[in-house]
Amino acid sequence: MRHIAIIGSGPAGYYTAEACRNIFGEDAHIDIIDRLPVPFGLIRTGVAPDHQSIKAVSRRYEAVALSDTVRFAGNVSIGRDISIAELQELYDAVVLATGAPHDRALGIPGDDLPGIVGSAAFVGWYNGHPDFAGLAPSLDGSHAVVVGNGNVALDVARILSKTPEEFTGSDIVAHARDALSHSNIRHITLLGRRGPHQIAMTPKELGELARLERAGPHVDPADLPEESADALLEPGVRKSVTLLREFAATASDKPVTIDFDFFAMPVAIEGDGHVERVVVERTRIDEAGNSHGTGERYTIDASLVVSCIGYQTPAIDGVPYEHGRGRFASDEGRILPGLYCVGWARRGPTGTIGTNKPDGVMIADKIAQDISDGAGKEGRAGLDRMLESRGVDVVTFRDWQNIDAAEIARALPGSPREKFTDIAEMVAASHKS
Ligand code: NAP
C-alpha cells in the first residue's frame with residue numbers, strides 16, 4: 001500500500017488525487033488535507049461568485065472525494081497541527097497543492113495606506129474566505145483604481161459595478177452583497193502598465209463588461225495600435241483586442257464608468273491617513289513588449305485601490321523556495337523524491353482551472369516513478385492518531401456535506417447557497433460540535 005498526502009483541496013489538489021487514483025487504484029490511500037473545514041480552494045474562494053458555471057467543476061471533485069481510497073481531512077493546518085516533516089514520516093509522497101494565496105506587494109511609496117487592498121484579500125472578502133471576511137473595503141468614495149490588466153482585475157471591476165439585482169443567482173456572501181449595495185463607487189479605472197496588445201484578459205470575461213446594467217467600459221481610441229497589427233496576435237488576445245476596439249467605438253452613457261487606462265504605471269499612492277490618489281507614470285512599450293516609464297506623470301483620484309498584480313505561495317520552513325517567483329523550487333514539480341508541488345505552488349499564478357489537470361497527471365507520474373510499492377509507512381492511521389492526540393477536530397467530506405446542505409438550506413431564493421464565513425460556524429454546521 002502506498003500512502004499519499006496532498007496539502008490543499010483546490011483544483012491542483014483534486015486533479016492530483018484523481019490522477020493518483022487512476023494510476024494506483026486500490027493500492028494507494030490518498031489524503032487531501034486542507035486548513036479550512038470546507039473543500040475546493042479557489043473554486044470556492046477565488047472564482048467570482050457570479051461565475052457559477054465555472055464553480056460547477058467542484059461536482060467532479062466530489063466524485064473523487066467520495067471514492068473509497070481518497071479522503072478529505074479539513075480543518076487541519078500545516079505548521080499548527082502537523083508539520084511537513086511529520087507528514088513525510090507518515091506518507092510515501094507529500095504533495096504541496098497550496099496555491100498562491102498571498103498578494104504580491106505593489107512595492108511603491110504609499111502602498112500600505114488604508115484603502116489599498118490586494119486582490120487575494122478583496123476576492124476573499126466577497127467570496128467569504130474566513131481570513132478576509134472582516135476586510136470592510138472602503139466603498140464610501142466615488143473612485144476606485146484597479147491595478148492590473150488580467151482576469152482578476154476584470155472580476156474586481158465587474159463585482160464593484162454590479163447592481164444588487166445582478167447578483168441574483170450568485171453565491172456572493174451577505175456582508176459583500178450588503179456593502180456593495182450601499183457602494184458610492186461610480187468611476188473605476190483599470191490601470192495597465194502596458195497596452196491593449198499585452199492584456200491578459202480573456203474574451204469571454206472582457207465581453208461581460210459590455211453587458212452590465214449600470215456600468216459601461218471606456219477605451220480611448222488613441223491607445224489602440226493600428227488594426228492591421230492585430231493579425232500577429234494569438235487568437236484569444238486578438239478577440240480581446242477586437243472587444244476593446246468595440247468599446248472604443250461605442251460611447252457608453254451608463255452612470256458607472258470603467259475606464260481602461262493603458263500605458264499607465266502606478267508609481268506612488270498618496271493620501272492623508274487614507275488613499276486619496278494614485279500617481280501614475282506614462283509608459284512606452286519597446287519592441288519586445290516591455291514597458292518603460294516616460295517621466296510624464298499625472299494623478300487619478302482614488303478612495304479605493306485594489307491591486308490585481310498576481311499572487312505568491314507562502315514559503316514553508318525547510319521547503320526550498322524561489323523567492324523571486326513566489327513559488328516552491330522544484331524540478332517540474334519534484335522538490336525531492338517523496339515531496340512534490342503542483343498547480344500555482346509549482347508554476348506560479350498562471351493558467352485556468354483546467355491547466356491543473358495535466359499538472360496533476362505529471363505529478364502522479366513522478367510519484368509512480370519514485371515510490372514503487374510503498375515503504376510500509378503508517379499513512380492515515382498515523383495522521384489520525386497524531387491529530388487526535390493534539391485535539392484537532394478533523395472535518396471529513398461527509399461532515400462537509402452537512403455544511404454544504406446547511407449553506408444551501410439558508411440560501412436566498414434563486415441563489416445556490418449562503419456561505420458560512422467563519423471557521424467555528426463551519427465546524428458547527430458540520431455537526432461535529
Ligand atoms: P495575470 O493574468 O498575471 O495579470 C496580472 C496583471 O498585473 C498583468 O496585467 C500585469 O501586467 C499586471 N502587473 C503585474 N505587476 C504589476 C505592477 N507592479 N504594476 C502594474 N501592473 C502589474 O494575473 P491575475 O489577473 O491575477 O490572474 C491569475 C490567473 O488566474 C491567470 O491565469 C488568469 O487568467 C486566471 N483567472 C482566470 C479567470 C477566468 O477564467 N474567469 C478569472 C480570474 C483569474 P504585465 O502583463 O505588464 O506584467
Query raised in the report: How big is the Rg/Rh ratio for the chain, C-alpha atoms only, Rh by Kirkwood, two decimals?
Result: 0.99
Report summary line: Taking Cα atoms only, helix 397-409 is inclined relative to the longest principal axis of the chain by an angle, in degrees rounded to 10, of 40
Query - the chain, helix-only ellipticity at 222 nm - DSSP H runs n ≥ 4, -39,500 (n - 2.57), divided by all residues, nearest 500 - result: -8500 deg cm²/dmol
Query - Sequence-distant residues sharing a close amide H with T98 (under 5 Å, placed H) - result: V342, A345
Report summary line: A convex hull over the alpha carbons of region 104-199 yields, per residue, a volume in Å³ of 113
Query - Anchor K239: lysines whose Cα lies under 21 Å away (excluding residues fewer than 8 positions away in-chain) - result: K204
Report task. Please name which of A231, G195, I159 has its Cα lying farthest along the dipole of region 159-276 towards the positive end, using unit charges on Cβ (Lys, Arg +1; Asp, Glu -1) and the Cα centre as origin. Result -> A231
Query raised in the report: What do you get for Rg/Rh over region 344-433 if you use C-alpha atoms and the Kirkwood form of Rh?
Result: 1.10
Query raised in the report: So in the chain, what percent of DSSP beta bridges are antiparallel if you round to the nearest 5?
Result: 35
Report task. Neighbouring Cβ atoms within 10 Å as the yardstick, rank S415, S228 fewest first. Result -> S228, S415
Query raised in the report: What's the angle, to the nearest 10 degrees (0 to 90), between helix 151-161's Cα axis and the longest principal axis of the chain?
Result: 60
Report summary line: Between the Cα axis of helix 11-24 and the main Cα principal axis of the chain, the angle (0 to 90°, nearest 10) is 40
Report summary line: Cα-based Rg then Dmax for region 1-147, in Å, read 18.1, 60
Report task. Using a Gaussian network model of the chain whose springs link C-alpha atoms within less than 10 Å, name the residue from R194, R211, R398 with the highest mean-square fluctuation. Result -> R211
Report summary line: Honestly region 257-328 on the Cα gyration tensor test (a ≥ b ≥ c root eigenvalues; a/c under 1.5 rounded, otherwise a/b vs b/c for prolate or oblate) is just oblate
Query raised in the report: Using the Cα gyration tensor of region 120-172, with a ≥ b ≥ c the square roots of its eigenvalues, what is the shape: rounded (a/c below 1.5), prolate (a/b larger than b/c) or oblate (neither)?
Result: rounded
Query raised in the report: What's the local net charge at S53, with K and R +1, D and E -1, over the other residues with C-beta under 14 Å away?
Result: 0
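Read-outs throughout are calculated quantities, based only on the coordinates presented, and are distinct from any laboratory measurement. No experiment lies behind these values; they were computed from the predicted model shown. Counting neighbours? That spans all protein chains shown, and the Cβs are built from the backbone with ideal geometry, glycine included.
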